[in-house]
Amino acid sequence: MDFFKYDSYRVLLKDVIEDKKKSFAYITFQKVAEECGIQKTYLSRVMNDQAELNQDQLYSISHYLKLTIAETQFLSLLLEENRSANILRREWLRKEIKNIRDSQLESSQNLANHVVVPTEKYDDYFKKPIIQILHMSLLIERYRSNISLLQQDFGFSKTQIHEALDFLIQNKVIELINGKYKVLIDFIHLPEKKDISPTNHLLFRLEAIRKMRESREEQNLNLSLCFTADEKVAVEIKRKIIELLKQVHQVIPPAGNENVYQLNIDFIKWND
């Protein structure tokens, strides 16, 4: 479903619950009502535009449905816009909704030009960083022609390399023709809502830390910043991060394939 195209928090919430029910039998309207401390009849009235949720109730539902931070914030803004009686504030809320919607749609459209959204068969691809790293390395001619360079340049064992290559071949990401590898899929994108997304991010960062310890300092760029801000600024920062990723994707194709790089971005709120 296209989460960020909705204008009504009621319609969006109803569709999200129906969509989740297809994959998770334990999710029901009764359970959703219980999670936010209301009766199912009251939730039905909300869905029929006869009652309202408050922000605490909506947050509880978002948490129960395991929505992403961006999805939770978007849903919250739709509720605020629906309930606000102040014309100027409603106008400001609509602009915030549009900012999030535009940034999400731009990111999705950009990724759609480069990636294949994975099915469950790709789960190991995101649980084992070496598979992703070697996949990217095969976009470089010298590694496609001579895989012995992979062990020399990346520091992985022969067993790790061959297991990764076997996985990529079996899942039709690459193929071997006359002793030379050919890449069939350039990029594979993991949607944030996938259950293994947190595991993927953690393992990739751990691999990055290992690599940073082994690399020469001048080869890497490591930055950290801790600061205070309000929710409006936080939303704007996230929008700019997504815009940055879009610009990075636009630069990658014509840049030429010489080396493999890794970019990690974490934006964390400490005081939950």
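Details
- Proximal aspartates and glutamates relative to residue 40, as straight alpha-carbon distance under 14 Å, when same-chain residues fewer than 8 apart are discounted: 52
- Sequence-distant residues sharing a close amide H with residue 174 (under 5 Å, placed H): 169, 184
- Listed pairs 20/172; 128/246; 5/246 exceeding 27 Å between Cα atoms: 20/172
- Structure remark: mean-square fluctuation, Gaussian network model of the chain, C-alpha springs under 10 Å; the largest value among 178, 220, 48 belongs to 178.
- In a reduced charge model with +1 at each Lys and Arg Cβ and -1 at each Asp and Glu Cβ, segment 3-112 shows a dipole moment near 180 debye about its Cα centre.
- Under 5 Å, built H, 5+ apart or other chain: amide partners of residue 187: 116
- For residue 21, the aspartates and glutamates whose Cα comes closer than 17 Å to its Cα, not counting residues fewer than 8 places off in the same chain, are 2, 34, 35, 195.
- Average Cα contact separation per residue, segment 3-112, under 8 Å, 6 or more apart, as relative contact order %: 29 percent
- Within segment 201-272, the trypsin sites (Lys or Arg not before Pro) that combine a DSSP coil assignment with at most 10 other C-beta atoms in a 10 angstrom radius are 216, 269.
- Student exercise, the chain dipole from Lys, Arg, Asp, Glu Cβ charges, in Debye to nearest 20: 260 debye
We did not get these values from a lab; they are worked out from the coordinates using the rules stated. Just so it is clear, the structure is predicted and the values come from calculations on it, not from any experiment. Cβ coordinates were reconstructed from backbone atoms using ideal geometry, including for glycine residues, and neighbour counts include every protein chain displayed.
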